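The values are calculated or read from the model by the stated rules, or taken from the named source; none is laboratory data. Everything numeric here is computed off the predicted structure, so don't read it as measured data. Note: ideal-geometry Cβ built from the backbone for every residue, glycine included; neighbour counts use all protein chains shown. We work out accessible area using only protein heavy atoms, side chains counted, and drop any ligands, DNA or RNA first. Shrake-Rupley method; radii C 1.70, N 1.55, O 1.52, S 1.80 Å.
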Amino acid sequence: MTKNVAIFISGGGSNMMALVQAMKAPNFDAKPALVLSNERLAVGLTKAKLQDIPTVVVDHRQHGKNRMAFEEAIGRALKPNDIDIICLAGFMRILSAGFINNWRHRMLNIHPSLLPKYKGLDTHQRAIDAGDKIAGCSVHEVTAELDGGPVLEQASVPVRPNDTGATLAARVLVEEHRIYPKVLRTFAARPAPSKLFG
Ligand code: GRF
């Protein structure tokens, strides 16, 4: 059965677009059912609309420090779309353990480092500052530990002597676009875990 995928973004949405393009393949067991952004002005929203994918904005600022209210609003946005899988793709909000556990084994993330190295932000500069010769990206299942869930796929790239955070990020991004769709394809083809929520 074709799985309905919600992709959560906050910015440019290039990973979202890589997933969307990949899901167009006839033997891909998933389709983009919703693109959700916490940022009203996220460029990725425009890209999704041009693909005729339903979009929704759930602005965290409207909920102040009330993370539960923010997540309830996300839940309400997901509900009518019968979502099977959530793909975090540059979504810059931390979700609570409660929300994540409801989506256990049904939520993926792409992280721009070779986990378990460099969880959190500023991964490329941290790799350069550490003198690493290799950097990369990881697709993992989302668990309550930030960037700590089981890694499903990684890809590495060289760190070049004159790299800045930006040049390294661009090199890593190419690999992100390659491995995230690959993992989603396999993930979507598994027997569905029972739904607790959504
Ligand atoms: C990617 O590098 C992703 O790994 C990180 O944020 C960036 C998002 O880029 N979490 P995009 O919005 O997919 O272009």
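For the chain, the solvent-accessible area with a 1.4 angstrom probe is 49 square angstrom per residue. Normalising the average separation of contacting C-alpha pairs (under 8 angstrom, six or more residues apart) by the number of residues puts the relative contact order of the chain at 22 percent.
Per the 1.4 Å probe, what fraction of the accessible area of the range 3-189, in percent, lies on carbon and sulfur atoms? Intermediate values should be presented prior to the final figure.
On the way: 4820 of 8720 Å².
The value for the range 3-189 is 55 percent carbon and sulfur by accessible area.
The DSSP beta bridges internal to the range 3-189 are antiparallel in roughly 40% of cases.
Based on DSSP H segments of at least four residues, each scored -39500 (n - 2.57), the chain has a per-residue ellipticity at 222 nm of -10500 deg cm²/dmol. Listed by chain and number, the lysines placed with their C-alpha closer than 27 angstrom to that of residue 47 are 3, 24, 31, 79, 182; residues fewer than eight positions away on the same chain are left out. Packing here is the average count of other Cβ atoms within 10 Å per residue, and on that basis the peptides 120-133, 16-29, highest first, run 16-29, 120-133. Only aspartates and glutamates eight or more places from residue 133 in sequence, or on another chain, were considered; those with a Cα closer than 14 Å are 163. Assuming charge only on the beta carbon of Lys and Arg (+1) and of Asp and Glu (-1), the dipole of the range 76-198 about its Cα centre is about 320 debye to the nearest 20.
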